[in-house]
Amino acid sequence: MTGTQCQQARLRLGWSTRMLASKAGVPWYAVMNLDYGTGEVDPTIVDALARAFRQAGVDLR
């Protein structure tokens with residue numbers, strides 16, 4: 001998942017970065033780093049974010 005995909009999915013669901021982080025069980029700054037491309041994000045965090053989106057009905061594959 002790219003940062004753009006993450007941001008678009010998050011906005012489509014009406015979620016803030018903090019809400020996504022809470023639903024995925026990851027640190028808020030990790031969502032910010034992916035959303036805005038400001039840092040490296042561990043693949044396990046990307047997996048957790050994708051899982052949160054899938055549980056909400058958004059599949060990014």
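The values are calculated or read from the model by the stated rules, or taken from the named source; none is laboratory data. Just so it is clear, the structure is predicted and the values come from calculations on it, not from any experiment. Positions of Cβ are backbone-derived with ideal geometry, glycine not excepted, and every protein chain shown enters the neighbour counts.
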Near pairs, Cβ below 6 angstrom, 6+ apart or cross-chain, from the stretch 5-33 (more than 10 Å from ALA52 (Cα to Cα)) to any residue that is of a type in the set (Asp, Glu): CYS6/ASP35; GLN7/ASP35
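Condition check ((1) assigned to a helix (DSSP H, G or I); (2) touching a strand residue (DSSP E or B) at 6+ places or on another chain (Cβ under 6 Å); (3) modelled with pLDDT of 95 or more) across all residues:
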residue	(1), (2), (3)
ALA9	yes, no, yes
LEU20	yes, no, yes
LYS23	yes, no, yes
ASP35	yes, no, no
GLU40	no, no, no
THR44	yes, no, yes
LEU49	yes, no, yes
ARG54	yes, no, yes
ARG61	no, no, no
Given the condition more than 8 Å from the chain's Cα centre (by Cα) and over 16 Å from ALA56 (Cα atoms), answer yes or no: does some residue in the stretch 6-23 qualify? no
